[in-house]
Amino acid sequence: MREKYQKLQKFMNKTPRQVTTLTLSFDQIEVLIGAQLPKSAGRYRQWWANQRDNQRRPQARAWMRAGFKVDKVDLLSGLVTFSRIAGLFT
């Protein structure tokens, strides 16, 4: 996995277990990963897809390994909401 998305995974791993949803702005994610998201993240909902076969999708692998999935993406507002899925993707 690319290092930048490992940083997102580490942040999500540190999220207290009682937190079942997590909403982050694209800007907040960029601060976490220390890099800009690709332009496609702000243009295409598919970039945020939850895919089990995520070998070529390091971003999805990061949140799924942390036990989260994407529930909502608001491309206009630049917000993504993750929900916790205990044990499903780990």
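FYI, it's all coordinate maths here, none of it is from the lab. Predicted model, so just to flag it, every value in this text is computed and none were measured. Here the Cβ is made from the backbone with ideal geometry for all residues, glycine too, and neighbour counts use every protein chain on show.
Couple of notes before you dig in:
- Rounded to the nearest 500, the helix-only mean residue ellipticity at 222 nm of the chain stands at -9500 deg cm²/dmol, with each DSSP H run of n ≥ 4 adding -39,500 (n - 2.57).
- For the chain: Kirkwood Rh in Å [reciprocal of mean 1/r, alpha carbons]: 12.9 Å
- Efficiency of FRET between Gln28 and Glu3 - r from beta-carbon atoms, R0 25 angstrom, step 0.05: 0.85
- At least 24 Å along the helix axis (C-alpha) and Kyte average at least 0.0, DSSP helices within the chain: none
- Computed E for Leu37/Arg17 - FRET, C-beta separation, R0 35 angstrom, nearest 0.05: 0.85
- Simple label model, 7 Å out from Cα along Cβ direction - Ser83 to Tyr44, nm: 2.6 nm
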